[in-house]
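A.B. asks: Provided herewith is a single structure, encoded as structure tokens, for subsequent inquiry.
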Amino acid sequence: MIGELGYFYFLSTDNSLDKLSPATVARLIYLSTYLDYKNRFMWSQRRQIKKTDLEDILHLSKGAVFNFWHEVSPLYIIEDDEGLVLNNPDMLRGELPKDNRNNYQRLYIETIRRLYRQTAATNHKHLGYVFALIPLINIEYNILCFDTYETDINAIHPLTVEDFCNYSQYDPHDYRRLLRRYKNITFDVDGHKEYVLSCVSQGDDILHARLFVNPRIVYCGSSYKRVEVLGAFVKAET
């Protein structure tokens, strides 16, 4: 399907990504940009992705692919005679279930591909930390929070940088190092670079700042332009 931000697939906010390691989450999110409307992973319209293709398509070593496959099969992916097939209802292309349309986020295919390809494998786990928190992304404002369906931004109970550190099993006392890591994870947009995660604080209290996820990657609200302004995702020139 295509929208203002391009083609996308859906991920349930009731997903089981928490059963996967963070690096595997990022790699699965990327691989799922190759899903077709029949739940097949396709490298092209005529060529289905096979397990033997994973080193090339994921840009990983044989050992990393082995670990990835061990985690995702059969929880998310199986291989039949033709190639790899999605084996989990959490992800889909096409129409959403009529009785459960609200519990899905849109993930934008071309942006995720650019992001993944421009991110070193050593930083995949940091992408995974963000993707694993998709159930905590506010539908309208893309702020990480505890009330994802709240439409009044002033009433939202946000996750802070300290909360994000705890979710990521990162020492909150070393939060500046973590934020520097995310400052180095960017992707190209119309000739400039944008951040995946933006930290917006009042004054110098960074530890309790709000965190916004770039809507070019994940967004299901009514106006992504509004979120762009709130998050300030464009990387400053140096």
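What follows draws every value from the coordinates through simple rules; no lab data is involved. Just so it is clear, the model here is predicted, and its values are computed rather than measured. Ideal geometry is used to build each Cβ from the backbone, glycine not excepted, and the neighbour counts take in all protein chains shown.
A.B. asks: Roughly how many debye, to the nearest 20, is the charge dipole of the chain about its Cα centre, given +1 on each Lys and Arg Cβ, -1 on each Asp and Glu Cβ, and no other charges?
C.D. replies: 680 debye
A.B. asks: Within segment 131-151, list the residues whose amide N lies under 20 Å from a label point set 7 Å along Cα→Cβ of VAL200.
C.D. replies: 131, 133-151
A.B. asks: At a Cα cut-off below 20 Å, give the lysines reachable from LYS125, other chains included and same-chain residues fewer than 8 away excluded.
C.D. replies: By straight Cα distance, LYS125 reaches LYS19, LYS62, LYS183.
A.B. asks: Using a basic spin-label model with each label point 7 Å from the Cα along Cα→Cβ, how many nm lie between LYS62 and ASN166?
C.D. replies: 4.4 nm
A.B. asks: Using 0.36 nm times the number of residues separating ARG46 and ARG226, minus their current alpha carbon distance, what extension gain do you get?
C.D. replies: Residue separation times 0.36 nm, minus the Cα-Cα distance, leaves 60.9 nm.
A.B. asks: Using alpha carbons only, how many angstrom separate the centre of segment 209-238 from the centre of segment 4-52?
C.D. replies: Distance between centres, Cα-based: 23 Å.
A.B. asks: LYS193: which aspartates and glutamates have alpha carbons under 17 Å from its alpha carbon, excluding same-chain residues fewer than 8 sequence positions away?
C.D. replies: GLU110, GLU228, GLU237
A.B. asks: May I ask which residue of VAL25, ASN184, TRP43 lies farthest towards the positive end of the charge dipole of the chain, with charges of +1 (Lys, Arg) and -1 (Asp, Glu) on Cβ and the Cα centre as origin?
C.D. replies: TRP43
A.B. asks: So how strong a dipole does segment 120-231 carry about its Cα centre when Lys and Arg Cβ are +1 and Asp and Glu Cβ are -1, to the nearest 20 debye?
C.D. replies: My answer is approximately 440 debye.
A.B. asks: For a footprinting-style exposure proxy, rank LYS50, LYS98 by other Cβ within 10 Å, fewest first.
C.D. replies: Ascending number of Cβ neighbours within 10 Å: LYS98, LYS50.
A.B. asks: Could you pull out every residue, at least 5 positions away or on a different chain, whose amide H is within less than 5 Å of the one on THR13? Hs are placed 1.01 Å off N in the peptide plane, and Pro or chain starts have none.
C.D. replies: Residues meeting the criterion, in which the H sits 1.01 Å from N, are TYR104, GLN105.
A.B. asks: Also: Using alpha-carbon pairs under 8 Å, 6+ residues apart, how would you state the relative contact order of the chain in percent?
C.D. replies: Result for the chain is 21 percent.
A.B. asks: Taking 0.36 nm per residue of separation and subtracting the Cα-Cα distance, what length does fully extending ASP36 through ASP18 add?
C.D. replies: 4.1 nm
A.B. asks: Cut-off is 10 Å between beta-carbons; in what order do ARG226, ARG216, ARG93 appear when sorted fewest neighbours first?
C.D. replies: Ordered by Cβ neighbours within 10 Å, fewest first: ARG226, ARG93, ARG216.
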